[in-house]
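Participant: Submitted below is the structure of interest, expressed as structure tokens.
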Amino acid sequence: EPQGLRMFRIRFHGRGGQGIKSASRVLGTAFFRAGYEVQDAPRYGAERRGAPIAAYVRAARGPIHERGVFVAPDLVVVADPTLVTVPAAGIYDGITAQTVTLIASSVSAHAWGDRLKLAGPIIDLPAIEAIREADPALVGMACAGGAARLIGVIGRATLTEAIREEIESLGPNAS
């Protein structure tokens, strides 16, 4: 794809209650504010707290004609590392040597690489443990921030505005 027409395909994996759906919405809103066309959609299994959930974001400078599940994601964000052993979570679906995997874990990327044997690069997000302890619902926001930083086309101010917009849309009782 020509550089100006590049499409970003990001998939988030986590558990219900970790803010995964909100993370995809924040990232989608940030892309939109940065001038991209966007699709974002959650995919649920059993809709209950703790159940595996995935959410997808596509973003491109032009029209998006793709629909449905990604064939090959550019970035896979794993908010809950316990999901790597759950085949039904679908974390490995479509991963190629070009797919970057971001794992929200204090375990090093090198250790994850040895364990998972993925062809593409793995990056760890170690600061997540403090966030996970403080408020599990904020894990998704930290992952959205990590994804935005890795993608490199969304500035901090744009991401902050997207977070503010999404939190305000939840209503006055949102934390």
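Participant: For the chain, which span is the longest to avoid every loop-located (per DSSP) member of trypsin sites (Lys or Arg not before Pro) having at most 14 other Cβ atoms inside 10 Å?
Facilitator: 118-175
Participant: Using the Karplus curve 6.51 cos²θ - 1.76 cosθ + 1.60 with θ = phi - 60°, work out ³J(HN,Hα) for each residue of the range 19-35 in order, rounded to whole Hz, and write x for Gly and Pro.
Facilitator: Along the range 19-35, the couplings run x, 5, 4, 5, 4, 5, 5, 4, 5, x, 5, 5, 4, 4, 5, 8, x Hz.
Participant: What are the chymotrypsin sites (Phe, Trp or Tyr not before Pro) within the range 41-118 that DSSP puts in a loop, where the Cβ has at most 14 other Cβ atoms within 10 Å?
Facilitator: Sites meeting the loop and neighbour criteria: 92.
Participant: So what J values fall out for the range 110-126 if you push phi through Karplus, 6.51 cos²θ - 1.76 cosθ + 1.60 with θ = phi - 60°, rounded to Hz, Gly and Pro as x?
Facilitator: Using θ = phi - 60°, the values come out as 4, 5, 4, x, 4, 6, 8, 6, 7, 6, x, x, 10, 10, 9, 10, x Hz.
Participant: Once label points are set 7 Å from the Cα along Cα→Cβ at both residue 117 and residue 37, what is their separation, rounded to one decimal in nm?
Facilitator: Output for this residue pair reads 4.0 nm.
Participant: Accessible area of the range 1-107 with a 1.4 Å probe: how many percent of it is carbon plus sulfur?
Facilitator: Answer for the range 1-107 is 54 percent, counting heavy atoms of protein chains only.
Participant: Additional query: Pick out which of 100, 26, 86 has the largest mean-square fluctuation in a Gaussian network model of the chain, springs linking Cα atoms closer than 10 Å.
Facilitator: Largest GNM mean-square fluctuation: 86.
Participant: Follow-up. Counting heavy atoms of the protein chains only and a 1.4 Å probe, report the per residue accessible area for the chain as a whole number of Å².
Facilitator: 51
Participant: Using the charge dipole of the range 14-104 (Lys, Arg: +1 at Cβ; Asp, Glu: -1 at Cβ; taken about the Cα centre), state which of 73, 101, 31 has its Cα farthest towards the positive end.
Facilitator: Selected residue: 31.
Participant: Quick one: dipole size for the range 68-175, taken about the Cα centre, charges +1 on Lys/Arg Cβ and -1 on Asp/Glu Cβ, in debye to the nearest 20.
Facilitator: 280
The values are calculated or read from the model by the stated rules, or taken from the named source; none is laboratory data. Note that this is a predicted model, so its numbers are computed, not measured. No Cβ is skipped: glycine too gets one built from the backbone with ideal geometry, and neighbour counts run over all protein chains shown. Each accessible area value is taken on the protein alone, full model and side chains, heavy atoms only, with ligands, DNA and RNA left out. Shrake-Rupley method; radii C 1.70, N 1.55, O 1.52, S 1.80 Å.
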